[in-house]
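Inspection log for the structure reproduced underneath, given as structure tokens.
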């Protein structure tokens, strides 16, 4: 099975992944993308993986309605047997708690690999995700990312664009909280909109939900197909720059794919080069 690409994405949409040099070496040596459980991100976003208030309210309302109706229908058969009625009510209460717990588990069950969408580099992303500026950024696009992944019928992979909004907005409707037909993991609060995130994520199969444990996962990837260009951080000099070139050479990445970021280039020098060209 291939990757299911969301409607909010286009084939040539530019994607970036900022990382430290050790993560680049890990990618090269393993030829695998690292997918992270949503629960790991709770330190930086406690709402990660959860749905907005309106969705949770509707879910709890639905669960209560269904269980109350079923419980009433069952207990009405034993109007004169209080012991049997109480036993049935306790069982329904226990089942409702299990279903509710399972719902929250499913919301947090996805594991993700995150990308930044923009046509240009991001000064903020360099500082946030590249070891205090000492890192690189892989530049690719939606098509290259999808084509770099091996087909696997055992996996349900999706790629979608994150939607940002106020989780406590009382004017929200349920349909506002759907992205490509799903509420997780493509919803985040407005405060994180600077991430402009696109997520590759793995969804557990329904039959696996009762036993499923959300743990990190390594996904096979063709690095040569994935990488269009590798940008070296604007905050580093030698010997870091030469080290990146050497690492790429050792793993067969052409020098033509390696770029030194010009984010902090002197304006006058940049204009001089532009005029000369």
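The values are calculated or read from the model by the stated rules, or taken from the named source; none is laboratory data. From a predicted model like this one, the values you see are computed outputs, not experimental measurements. Every residue, glycine as well, gets a Cβ built from its backbone with ideal geometry; the counts of neighbours run over all protein chains shown.
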Do we find that residue 195 is buried (at least 19 other Cβ atoms within 10 Å of the Cβ), within 29 Å of residue 132 (Cβ to Cβ), under 20 Å from the mean Cα position of the chain (by Cα) and in the same structural domain as residue 122 (by TED's automatic domain parsing) in this structure? yes
Would you check if there is a residue in segment 156-174 being part of a helix (DSSP H, G or I) and either more than 25 Å from residue 54 (Cα to Cα) or in the same structural domain as residue 37 (by TED's automatic domain parsing) (or both)? yes
Within segment 23-53, residues closer than 30 Å to residue 244 by Cβ, touching a residue at least 60 places away in the same chain (Cβ under 8 Å) and assigned to a loop (DSSP other than H, G, I, E, B) come out as 31
Conditions first: (1) assigned to a loop (DSSP other than H, G, I, E, B); (2) touching a strand residue (DSSP E or B) at 6+ places or on another chain (Cβ under 6 Å). Residue 200 passes all but one, so which condition is the exception? (1)
Answer yes if at least one residue in segment 111-122 is within 29 Å of residue 219 (Cβ to Cβ), in the same structural domain as residue 9 (by TED's automatic domain parsing), at pLDDT 75 or above and assigned to a helix (DSSP H, G or I), and no otherwise. no
Taking only segment 247-256 into account, find how many residues are closer than 19 Å to residue 30 by Cβ and assigned to a helix (DSSP H, G or I). 4
Hey, residue 162 hits all of (1) closer than 21 Å to residue 189 by Cα; (2) touching a residue at least 40 places away in the same chain (Cβ under 8 Å); (3) touching a strand residue (DSSP E or B) at 6+ places or on another chain (Cβ under 7 Å) but one; which does it fall short on? (2)
